[in-house]
1. Kindly indicate whether any position in the stretch 74-86 is among the basic types (Lys, Arg), assigned to a loop (DSSP other than H, G, I, E, B) and at pLDDT below 90.
2. Mind listing whichever residues of the stretch 64-73 are assigned to a loop (DSSP other than H, G, I, E, B) and surrounded by 14 or more Cβ atoms within 10 Å (Cβ to Cβ)?
3. Which of the residues that make up the stretch 34-59 are over 21 Å from residue 14 (Cα atoms) and of a type in the set (D, E, K, R)?
Amino acid sequence: MACSRGKASPNSFTKSKLFANSGGFCQRPDCNENLFKTFTNTEIHIAEIAHIISANNGSRSNKDYTAEEKGNYENLILLCSKLSYNN
């Protein structure tokens, strides 16, 4: 769950808040996957933090957002790591 986006990277408090408020489930409305899995007696999380307004300059970017605003709790969502979503 590392992010090398500089100031757009969420701090540890923000990461904790995302996990706490997610209730341990993917926040994509049509998913609700459990973010904690047990494999061979080891529990891991499969969560990924995603920016709602992209941290990069791309299709989901907004030039009016500062790097700090992009890393704020309000601009982040906690998702499972499944990559098979249909757009």
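The values are calculated or read from the model by the stated rules, or taken from the named source; none is laboratory data. This structure is a prediction, so every number in the text was calculated from the model and none was measured. When we count neighbours, we look across all protein chains shown, and the Cβ atoms used for this are built from the backbone with ideal geometry, even at glycine.
1. yes
2. 65, 71, 72 - these are the residues of the stretch 64-73 that are assigned to a loop (DSSP other than H, G, I, E, B) and surrounded by 14 or more Cβ atoms within 10 Å (Cβ to Cβ).
3. Listed by number, the residues that qualify are 37, 43.
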